[in-house]
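S.K.: Let me give you the structure first, and then I'll get to my questions.
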Amino acid sequence: MEMDLQTKSVNVLRFKSLVVGLVSASVLPGCFNDSKAKSPAVETSTFRVQMVDQSGARLNTGSIRIVDAVGGEGDAPRFSLASGDNSKTEYSVVDDAVAGTGGVVDLNLLSTSPLISDDPLDVVFVGSAPNFVSSSSLQSITATGDYLITITLTAINSPASVPVASQSATGSATSAGGVTNTVADISSSTITRAADSASNTAAVKGTTSVTVPAGTQLKTSTGAPAAPGELTLTVVHFDNDTGADVDPDFVPSNGSLALFPGGLDTTIEDDDPSTPESGSFSSAGFAAIELRDSNGDLITEFSGNPVSIEITIPAGTPFPANATGAGLVDTAPVGTVNAGDTVPVWTYNELTGKWKPQLDPDTGLPIIATVESKSDNTLFVSFETDHLTYFNLDYWYNYCNSSVYAPASFNVIDAAGQPNTRQFSLSYYQSGGGWARTKRAYSLDTFSSVDVYRAPNFPVVFELKEGSDSLIATFEPAAGDPILSQNGKLSLSNICELDGGTIKLDKTNPGAPTNIPVDFTVVNSCSDIPGEFVAVSDATAFVTGGDSSVINVPLGAESGTGSANLSSNVAFIFSATADGSTNSTPTFTPAQVSDNGVRLVLGSQTCTTATGGTGATGTTGSTL
């Protein structure tokens, strides 16, 4: 069967002797003994940086910039390509990527850089690529290790399997006296979409509408007037549902919340001293909006007339208790968003990797929008702005523990009561949408003790998963009686309930790892012959392991099939690219692969020949 795609970007989680940033990062602790050192110690950390699309497929075009985060002044220039020792803060995925990896950039720190233990890193990795919405990853790195850092970008025209909707509109601008103005109103609105499992279509329940008024003055990011001629306004709306709560077969696995820039558990910019700098968002919906001039330059400054934005909110969106900030109103029924409630509006700064309150262009005060209802009972908020970027409607929460550096820690044992050695993923989400986190945990170490950082302070459903199997049998809290899971899941008032406790799995530990040969095939589906496939023999194919390994898979010239020996105790992702198309499988272990191997559907093509025949048909029985 065709393999569903799955996003691999994840948020902050730390295993003991494992450090993880806001996106996927595998860490092997460094060892130092400088008691007899005769020369200054050199930092040995390495950083593998990649951009992936909303399905988790690696991008092989675009650029990655590193900028200082707040508190990390001077940290960005400490980086260098691993192949050299020269300070560099911008890297081309085309020119600087490691050969054969399809877009991985290997970095380390300059030989003159302070040790991370003496001077931690606080930086933002900013990713951009053609036809994708830019995004970034805020990283606070406090320990020596080997890191895999992933920046997830969303395609402006995402597949229907992703709960994202986009719409573009064109207008025009004239220039006179060094000033560029819009000629007439430019408006663009996304539309809702119903779920359809037969066509693997994800629902989009909310919408975003934008209007740039006539006579608005336009400037690019350099401060120069926009070029006259055609203007293109693009709106991308992200739903706030979780894939785990709606349909786990849709991708990404956390719905579009997995694409939330900077992650839902993050650090914000806010001048209000009563608002915590670090915490968790619970989202009512978010959108990315951009306007480009006839040269393709992004327009960032608007004056003369404010831009108006309307974002609708799906019914049943959670309004968890204990949100921070002034002016919040939760009308009955309490706990869900209703007309008359209020919700803060936030805006994203790609250069700092942080969200900050959206300010009213007239008063300069943070916008706390009142939720209104249309005649068909659709909930919405509207506001005005003098810039375009990501916007979100979100409630902000403290962590349930004392700080970002205080984890919720728990032990994991197998069904026989032994310390766990099985790799697993952590999935926890807010029922009804608004917040979700999935961490696919890979390491050469065992996973018998887990530290969860940035633990949200609202109710969540918690799972430890191996593939689609939920593994939790019971949870024994630090004080109190053991709790039976419900279908392998725990319902918690917050993650800190896990602190000091022990989770028992319903499986015993696996045996010692072995190497297993796995066959891989890359095909296109036949658009004109349902159920038929044709081999793609010229694709670049590779397997990425959870232990940061990258294995190239040469494909046969006729069959489009190749093979690789994979460790039985490591989880992998198979990726391929050809003719501008890129795709990846979900995460799998070799034991989950059938005798037919792994087949990846890269795209589609017309297969009927001039004489009525079809092209070569790929195998049809491969499954995970």
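The values are calculated or read from the model by the stated rules, or taken from the named source; none is laboratory data. What you see is a predicted model, and the numbers here were worked out from it, not measured in a lab. Methodologically, a virtual Cβ is constructed for each residue, glycine included, from the backbone with ideal geometry; neighbour enumeration extends over all protein chains shown. The area values use the complete protein model at the heavy-atom level, side chains included, leaving out ligands, DNA and RNA. Shrake-Rupley method; radii C 1.70, N 1.55, O 1.52, S 1.80 Å.
S.K.: Take T608 and N131, extend 7 Å from each Cα along the Cα→Cβ direction, and tell me the distance between the two endpoints in nm.
M.R.: Placing both labels 7 Å beyond Cα along the Cβ direction yields 2.6 nm.
S.K.: For the chain, what % of the accessible area comes from carbon and sulfur atoms, probe 1.4 Å? Don't skip to the end; give the middle numbers.
M.R.: Working: 12000 of 24450 Å².
Exposed carbon and sulfur together represent 49 percent of the surface.
S.K.: Another one. If each of K88 and L328 carries a label point 7 Å out from its Cα toward its Cβ, how far apart are those two points in nm?
M.R.: Output for this residue pair reads 4.5 nm.
S.K.: Based on the mean of other Cβ atoms within 10 Å per residue, sort peptides 303-312, 279-288 so the most packed one is first.
M.R.: 279-288, 303-312
S.K.: Could I ask something else about it? Which pairs break 29 Å Cα to Cα here: K88/K354; K356/K489; K219/K439?
M.R.: Details: K88/K354 22 Å; K356/K489 34 Å; K219/K439 40 Å.
Listed pairs above 29 Å: K356/K489; K219/K439.
S.K.: For Cα pairs less than 8 Å apart in space and 6+ apart in sequence, what is the mean separation divided by the residue count of the stretch 467-616, i.e. the relative contact order in percent? List each step's numbers first, then the result.
M.R.: On the way: 292 pairs, mean separation 34.2, N = 150.
The normalised contact order for the stretch 467-616 reaches 23 percent.
S.K.: Next up: Under a 1.4 Å probe, what is the accessible area of the chain per residue, stated in Å²?
M.R.: Details: 24450 Å² over 624 residues.
I get 39 Å² per residue for this part.
S.K.: Continuing with this model, one more query. Within 10 Å, count the other beta carbons around each residue, average over each peptide in 358-367, 259-268, and list them highest first. Walk me through the numbers before you get to the answer.
M.R.: Numbers: 358-367: 15.1, 259-268: 24.7.
Ranking, from highest mean packing down: 259-268, 358-367.
S.K.: Now for a separate question. With a cut-off of 8 Å between alpha carbons and a minimum separation of six or more residues, what is the relative contact order of the stretch 282-365 in percent?
M.R.: 18
S.K.: Around S134, under 15 Å between beta carbons, what's the net of Lys plus Arg minus Asp minus Glu among the other residues?
M.R.: On the way: positive: R65, R292, K354; negative: D53, E90, E290, D297, E350.
Here the count lands on -2.
S.K.: Sticking with this one: Could you work out [θ]222 nm for the chain from helices alone, using -39500 (n - 2.57) per DSSP H run of at least four and dividing by all its residues? Round to the nearest 500 deg cm²/dmol. Don't skip to the end; give the middle numbers.
M.R.: Values: 1 runs with 4 residues, N = 624.
Counting only the DSSP helices, I get 0 deg cm²/dmol.
S.K.: Additional query: Averaging sequence separations of C-alpha pairs under 8 Å and six or more residues apart, then dividing by the length of the stretch 318-470, give the relative contact order as a whole percent.
M.R.: Numbers: 264 pairs, mean separation 30.3, N = 153.
Relative contact order comes out at 20 percent.
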